[in-house]
Each structure stands twice: as C-alpha cells, then as structure tokens.
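Everything on this sheet refers to the single structure shown next.
The values are calculated or read from the model by the stated rules, or taken from the named source; none is laboratory data. What you are looking at is a predicted structure, and each value in this text was computed from that prediction instead of being measured. In case anyone asks, the SASA skips ligands and DNA or RNA and just uses the protein heavy atoms, side chains included. Shrake-Rupley method; radii C 1.70, N 1.55, O 1.52, S 1.80 Å.
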Amino acid sequence: MKCYLVVTGLLMTMLLGCSKSDNTVTPSNTADLLVRKWSINELNVKTDAKSYAIPATDGGTFFGDDNTATFKSDNTYTVVENGKSGNGGSWKLSTDNKTLSLTDIDNVTTVFTVNTLTSTAIELATKSVNVLKTNPTEEEQSIALAAMLLLFTIDKDNGGTIDFSKETDPKTVQLILKGKGI
C-alpha cells in the first residue's frame, strides 16, 4: 500500500509540475532579436539634470522620414526616405551585445549602448557627452549638436513647452531612443 501511495504521489507531482508549452521560439542570440523592423516612437534628450521628451512633430526623427529602421541579417539596415525604402547603412553588434554601431551611407558611425532589447522593445542610448569639453571628438560634437537642437525645438521661445530660462544649463547631454518591433 505504501508503494502504491508513493508511486501515485510521484505521478501526480510529475503531472501537476509540468506546464503546458506555449510553443514560442525565442531567438538564440541578441542579433536575432535586432533583426526586424523597428518604429522609434520616443526620443529623449537626457541632461545631467533632467530628461526631456522630444515630440515627433518637432524634428524628433532619427531614422528616415517615418522614423523606422529595418535591421537585416546581412548586417545592413534600411530607412524610409521620400516614401521609399532606402539604404541606411550597416550595423554591428559588439560581442558582449551591449553596443550597437550604426554606420550610415556617408560612412559616419554612431555608437549606441543597448539598454533594452527584446522581440518587441528596443532602447538605445548614445554616449553621454560633456558639452563643456574643450576638444570633443566628431561623434561627441554630433551628439551635442543634435541634442542641443532638439532642446531648442521644445523651448518656449520657439513655440515649445519648456522655459529653458528657468532650467539649469546642461553640462552633459545624451540621446535616448525607444522603439517597438513592427
């Protein structure tokens, strides 16, 4: 009788402990997660004091006309320009999957930190740039210029909602891009 109870108990534990498979296949690596079409739906400029959301209507696009990028398995990406899919450039993911380098068709490389990457969400961040640095690199100049122009678009003096005369002057700036898989 004891043997029967033990076998029945083990069988019940095994049957109740098994979960039903949902048959979802997860990509085997981070590059597989990246290869798809992404809609960048949020752009923020992060300063040393605060983060500012840039509305899409105020020049907040980063990838072509419709702010989408399609990353392909051959390490290229495309964007939409003038209503047509055009060449965006090439991409490379670091071996530790924490850095994404995008080289555009003009051979300018922008390096992003991969903050989040799932099959449905992506968050990329440029390096944080010291705007007071005396000899910035070309990449640092580009990031600082883009960030400052984006902040300019949301200033109350230019029709925006932020009164930068009451904000502290930024010492560092960083671009944060958030998107969804399409």
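The figures follow:
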item	result
Which of PHE63, PHE164 is most accessible, then next, and so on - probe 1.4 Å	PHE164, PHE63
Those lysines that a straight Cα-Cα span of less than 18 Å connects to LYS133, excepting residues fewer than 8 apart in one chain	LYS46, LYS171
Of LYS37/LYS156; LYS84/LYS127; LYS37/LYS178; LYS72/LYS98; LYS92/LYS178, pairs whose Cα-Cα distance is over 24 Å	LYS37/LYS156; LYS84/LYS127
Residue-span extension gain [THR118 to ASP106] - 0.36 nm each, minus C-alpha spacing	1.4 nm
Anisotropy class of segment 78-148 from Cα gyration tensor, a/c 1.5 cut	oblate
